[in-house]
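Inspection log for the structure reproduced underneath, given as structure tokens.
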Amino acid sequence: MQRKPDPDFERFVLERSTALLRLAVLLVRDRGHAEDILQTALYRLSVRWRSARDHPEAYTRRILVNLARDRWRHTSRRVSEEDLDHAAHVPGGRDPADTVVDRDALRRALAELPRRQREVVVLRFFAELSVTETAAALRTSEGTVKAHTSRAVTRLRQALGARITEDSHDR
């Protein structure tokens, strides 16, 4: 006999699954795999709902980071599938072509970051977590989060600055 899910759990899944999927896509750079790890994370959350119900999003983010790390360990030599078109929306009032070019450049620059720096950037800037929340999700110190953030932002500026310079020379 199957137990009926808690209504609070169902509400959490309905309200937060889109944002959690976006986070997963940015972590693993593969929409199909992101959907898989989100499903696994939500299953694990449902099993531990009683203990995680006070902070379900933080618990789920930690599971997603751990599952993404497991994937990196097992598939480090596999060519990734890039299907990030659904990870972000196109803001109004701007030429959609420019947005696609900017988004693609940012995705490529993110992909070039070391794993830890990419995790910090995704959690800090895309999931909008504080330094403390990011440190908790990654099980590291706040100082480490700050150091990775600083290095990552520097690398992203260099990578995106180089691309902007190349694009302006091509015109």
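The values are calculated or read from the model by the stated rules, or taken from the named source; none is laboratory data. Source: prediction; values computed, not measured. Backbone-built Cβ (ideal geometry, glycine too); neighbour counts: all protein chains shown.
Residue-wise test of (1) small (Gly, Ala, Ser); (2) over 16 Å from residue 69 (Cβ atoms).
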residue: 107; (1), (2): no, yes
residue: 130; (1), (2): yes, yes
residue: 136; (1), (2): yes, no
residue: 154; (1), (2): no, yes
(1) modelled with pLDDT of 90 or more; (2) surrounded by 13 or more Cβ atoms within 10 Å (Cβ to Cβ); (3) of a type in the set (Val, Ile, Thr) all hold for residue 132 apart from (2)
As an exercise: evaluate residue 99 against (1) within 16 Å of residue 34 (Cα to Cα); (2) at pLDDT below 90; (3) surrounded by 13 or more Cβ atoms within 10 Å (Cβ to Cβ) and give the number of the one condition it does not meet.
(1)
Say whether the condition of being at pLDDT below 90, within 30 Å of residue 114 (Cβ to Cβ) and of a type in the set (Lys, Arg) is met by at least one residue in the range 1-15.
no
Return the pairs, sorted by first residue and then second, in which the second residue is exposed (fewer than 15 other Cβ atoms within 10 Å of the Cβ) and assigned to a helix (DSSP H, G or I), the first residue lies in the range 7-18 and is not assigned by TED's automatic domain parsing to the domain that holds residue 35, the beta carbons are less than 7 Å apart, and the residues are 6+ apart or on different chains.
none
Looking at the range 35-43, is at least one residue modelled with pLDDT under 85, out of contact with any Cys (no Cβ under 9 Å at 6 or more places or on another chain) and of a type in the set (Ser, Thr, Tyr)?
no
Mind counting the residues in the range 41-65 that are under 17 Å from residue 21 (Cα atoms), surrounded by fewer than 16 Cβ atoms within 10 Å (Cβ to Cβ) and not small (Gly, Ala, Ser)?
1
